[in-house]
Structures are given as C-alpha cells and as structure tokens.
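The values are calculated or read from the model by the stated rules, or taken from the named source; none is laboratory data. Everything quoted here is computed from the prediction, not taken from an experiment. Cβ coordinates were reconstructed from backbone atoms using ideal geometry, including for glycine residues, and neighbour counts include every protein chain displayed. All accessible areas refer to the heavy atoms of the entire protein, side chains included, with ligands and DNA or RNA removed. Shrake-Rupley method; radii C 1.70, N 1.55, O 1.52, S 1.80 Å.
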Amino acid sequence: MVSPELSHQYSPMAKPHVRNKTHPCLTDGFLFLGGAFFALLIVWSFSSLLNSAPRFDSTPLSEAKATSEARSPGCAANLRYDPPDETFYDDQELSYSIEKKIEDWDEKRKRWLKLHPSFAAGARERVVLVTGSQPKPCKNPIGDHLLLRFFKNKVDYCRIHGYDIFYNNVLLNPKMNSFWAKLPVVKAAMLAHPEAEWIWWVDSDAAFTDMEFKLPLERYRNHNVVVHGWPKLIYEAKSWTSLNAGVFLIRNCQWSMDFMDTWANMGPIGADYAKWGQIQRSTFKDKIFPESDDQAALIYLLYTEKDKYYDNIYLEGEFYFEGYWLEIVPTVRTLRRRHAEKVSESYAAQREQYLKEAGNGRGSWRRPFITHFTGCQPCSGDHNQMYSGETCWSGMVKALNFADNQVLRKYGFVHPDLRDSSLVSPVPFDFPDDGPWG
C-alpha cells in the first residue's frame with residue numbers, strides 16, 4: 001500500500017490538506033477489503049486441507065488421470081499419451097513370434113484400452129489392413145511397378161475409410177514363406193495394434209475395385225474370422241477352391257490367437273508339415289500343390305471340426321469379398337456422380353438403394369468389392385497355364401485404372417482409356433455414362 005507521503009510526492013494532483021483528513025468512504029472500503037481477504041483466506045485453508053487428505057481408492061494415478069489427460073480435442077485418439085503403467089509390452093516373456101503362444105490376450109487388450117481411453121470410442125469398428133510382398137526385387141520387369149500400383153490402391157482405400165495400413169516386405173519367420181508368410185505378419189499386427197478390433201489381410205495381387213464400399217462389420221459381430229467362401233463346396237464338394245484365404249478378416253482376440261496357433265502348425269513350423277500335405281490332397285481332390293498350404297489347411301479345419309470352428313468363421317458369399325479376376329474384369333462398367341472424397345461412404349450408402357436388382361457375384365453389374373488376381377503372380381511373372389501372362393498383366397492394369405478413376409475423379413481427372421495408365425484427362429461436369437470413369 002502506498003503511503004500518503006509517497007502518494008503526495010509522486011502525484012501532481014495531490015493536495016496538502018488531504019493528508020490530515022480521513023474520508024469516511026475510504027475507511028469503509030478498507031474494512032470491506034479486509035473482510036473479503038479474510039474470507040478468502042479461510043476458503044483457501046479449507047480447500048488445502050481437503051486436497052491434502054489421503055486417497056482411499058486403489059486406482060493407479062495414471063488411470064485416475066487418464067480421462068482428463070489422455071483425451072485429445074474432439075473425438076480423435078490421443079497419439080501423444082502413453083502412461084507409465086505397466087502393460088503387456090513390459091512383459092519380457094511376451095513374444096511376437098508365430099511359434100510362441102499368447103495367453104490372456106483379451107484381458108491384456110482390455111487393460112491397454114483402459115489406460116488409453118481416447119482409443120475406446122469406435123474401437124469396435126477399428127480396422128488395420130495388412131499386406132506385403134517379397135523382400136527382393138521382382139523378376140518380372142513390370143512386377144515392381146504393378147506391386148506399387150496395387151499398394152497405392154490399398155492406401156487410397158484406407159485413406160477414404162480411415163483405416164490404418166501396414167505393408168510388410170520381410171519374412172518375419174524364415175520357415176513360413178510363400179503363402180504361409182501372412183500368418184506371422186497378422187499375429188504381429190494384432191500385438192502391435194491392441195486398439196484395433198480387426199486385422200484385415202489382403203494379398204498383394206488383390207485390388208479394391210469399389211473404393212466407396214465399406215465392410216459391413218455389424219454383420220460379423222458374432223464371428224471372429226471372415227473369408228470369402230461357400231459351405232456347400234466345403235461340406236459337399238470337398239473342394240480346395242471352396243474359399244480363398246488370400247483375403248480375410250480376423251478379430252483381435254484370444255480365440256483368434258489360439259486359432260492362428262492351430263492353423264500355423266499345419267504349415268512349415270509344424271512337426272507334421274509333410275504329413276499335412278498328404279492329408280489335404282487325399283481330402284481335397286482338386287488341390288494342386290503337394291505340400292500343405294494355408295488355404296487347404298483352413299478348409300480342412302472347417303471340414304473336420306465343424307462344431308468347433310464353423311460358428312466362429314463367417315463364409316461371406318453375398319458380395320465379392322474377393323472375386324476371381326477372370327470373372328470380373330470383362331464386366332466393369334460405369335457409375336457417375338461427383339462428390340468430395342470425405343463423403344464417399346455416404347455416397348456408397350445412397351447408391352446402394354439403386355443396386356438392389358443388381359445381384360451379387362457372377363453376372364452382376366454391381367462393382368466388385370475386391371478383384372483378386374489368383375493364378376497371376378505379378379512379381380515372379382508366373383501364371384496359371386489356363387491363360388497367358390499378357391492377359392494377367394493387362395487385366396491388372398484395367399482393374400487398377402478402373403479403381404484409380406474412382407479416386408482421380410474426385411480430384412477432377414480420369415484415365416480416359418483403362419488400358420493406358422499414363423493418360424489422364426480432366427473430367428467434364430456432365431461426363432457421359434458410357435466412358436471409363438468408374
């Protein structure tokens with residue numbers, strides 16, 4: 001508080017006679033301020049006493065603070081928050097290897113999500129797409145370019161639908177090569193992404209050809225694996241082509257971990273690998289390969305242990321969850337409508353009402369969801385002798401450009417000729433329905 005003397009010294013407007021007279025309003029003001037200050041002091045002391053009281057709950061500090069600290073603005077997951085509490089990642093015994101079992105995975109995931117509550121919203125719909133290719137350059141002169149186009153296609157699809165994607169090009173288990181290489185990657189992805197409910201494996205030679213269609217995850221709520229297949233071909237025809245294991249969804253849960261162990265042990269890491277190949281060929285007469293393969297192994301488990309596995313594995317046959325390219329490529333046709341990329345899912349839902357009569361599968365004019373170039377190996381250049389290599393490569397280019405047009409047109413351009421990836425043209429506002437716009 002400034003004294004009257006100092007006030008008078010530094011204020012040119014001060015008057016000498018004021019120093020000797022105390023104003024009644026000033027006195028009342030000092031009394032009011034003193035009382036208010038005293039009241040605040042009491043409130044502050046009481047608040048400090050309460051805050052210093054011991055905590056009687058057993059919740060770790062980081063869990064108690066998680067709700068306030070872990071949430072980022074809006075509904076987005078907080079990528080910068082990771083509390084110091086121990087999780088399964090701190091367990092020295094835990095292994096990402098396909099040869100090591102994982103136990104209590106559901107509880108471990110549940111605890112991790114509890115410590116990271118910003119990931120809880122939308123957890124049931126969260127998908128991580130996993131794909132990959134060989135670690136060395138392709139033998140086929142155009143193989144690396146085709147694989148790049150296939151990867152771009154998957155990145156575009158994931159961007160449109162908000163999915164994460166992991167591309168692997170190393171063997172995580174040297175024994176598990178060729179078609180078995182996917183299983184170690186899928187298991188590692190399950191551990192690396194406890195926030196994801198689903199891991200979605202898509203072969204490198206499969207392309208999304210309906211970029212707006214979204215997985216009907218609600219349909220699979222009571223199942224743990226989704227694969228394109230047909231029960232009659234499994235249980236009546238006993239066919240090696242009754243399903244295709246090149247594209248599958250698997251739930252991130254303990255049941256799936258156990259199932260992966262059983263499935264993988266029919267492969268090269270299993271003690272009875274050679275025997276499994278013989279058993280599969282004797283069971284499925286149309287099986288081509290003499291050694292045990294992942295697809296035949298999956299079919300065998302469904303066929304021989306139906307009570308154990310059938311109710312948990314959804315055989316999707318209502319749409320092209322993945323479709324054989326030779327049936328699909330000649331039928332691609334056009335659908336027109338310009339819209340912003342961010343609302344693609346909304347457009348797909350609106351479009352569906354006009355496709356009720358389109359049907360599904362062979363003969364349908366509905367866009368195939370995924371076109372799978374089974375029998376064509378873009379990297380090695382090998383292919384099924386039923387058709388030429390040129391048929392494979394030209395079919396891939398046409399399907400990839402068809403899909404790419406669905407992306408490019410949102411940026412104002414298209415490939416005018418599906419056979420030529422290098423050409424693009426601006427999209428007119430009222431472009432014709434008979435063009436290759438996708």
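Listing for the model above:
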{"read-out": "Among the candidates Ser118, Ser133, residue that is under 18 Å from the mean Cα position of the chain (by Cα) and surrounded by 12 or more Cβ atoms within 10 Å (Cβ to Cβ)", "value": "Ser118"}
{"read-out": "Test: residue in the stretch 136-145 that is out of contact with any Gly (no Cβ under 7 Å at 6 or more places or on another chain), open to solvent by less than 60 Å² (accessible area, probe 1.4 Å), touching a residue at least 12 places away in the same chain (Cβ under 8 Å) and in a loop (DSSP other than H, G, I, E, B)", "value": "yes"}
{"read-out": "Count of the stretch 217-239 residues which are open to solvent by 30 Å² or more (accessible area, probe 1.4 Å) and either touching a Phe, Trp or Tyr at 6+ places or on another chain (Cβ under 9 Å) or of a type in the set (A, V, I, L, M, F, W, C) (or both)", "value": "9"}
{"read-out": "Answer residue from the stretch 169-188, given it is outside any loop (DSSP other than H, G, I, E, B) and open to solvent by 10 Å² or more (accessible area, probe 1.4 Å) and is farthest from Asp382 (Cα to Cα) among those", "value": "Ala188"}
{"read-out": "Some residue of the stretch 193-205 being within 26 Å of Leu400 (Cα to Cα), surrounded by fewer than 19 Cβ atoms within 10 Å (Cβ to Cβ), of a type outside the set (D, E, K, R) and modelled with pLDDT of 95 or more", "value": "no"}
{"read-out": "Which numbered condition Arg126 misses (of (1) touching a strand residue (DSSP E or B) at 6+ places or on another chain (Cβ under 6 Å); (2) among the charged types (D, E, K, R); (3) touching a residue at least 40 places away in the same chain (Cβ under 8 Å); (4) under 22 Å from Arg80 (Cα atoms))", "value": "(1)"}
{"read-out": "Subset of the stretch 240-259 [open to solvent by less than 20 Å² (accessible area, probe 1.4 Å) and either under 19 Å from the mean Cα position of the chain (by Cα) or free of Cβ contacts under 8 Å to residues at least 40 places away in the same chain (or both)]", "value": "Ala245, Gly246, Val247, Phe248, Leu249, Ile250, Asn252, Cys253, Ser256, Met257"}
{"read-out": "Residues located in the stretch 146-157, provided they are surrounded by fewer than 17 Cβ atoms within 10 Å (Cβ to Cβ) and either hydroxyl-bearing (Ser, Thr, Tyr) or within 25 Å of Gly122 (Cβ to Cβ) (or both)", "value": "Val155"}
{"read-out": "Hits in the stretch 99-113 - residues which are within 21 Å of the chain's Cα centre (by Cα) and surrounded by 15 or more Cβ atoms within 10 Å (Cβ to Cβ)", "value": "Trp105, Lys108, Arg109, Arg111, Trp112, Leu113"}
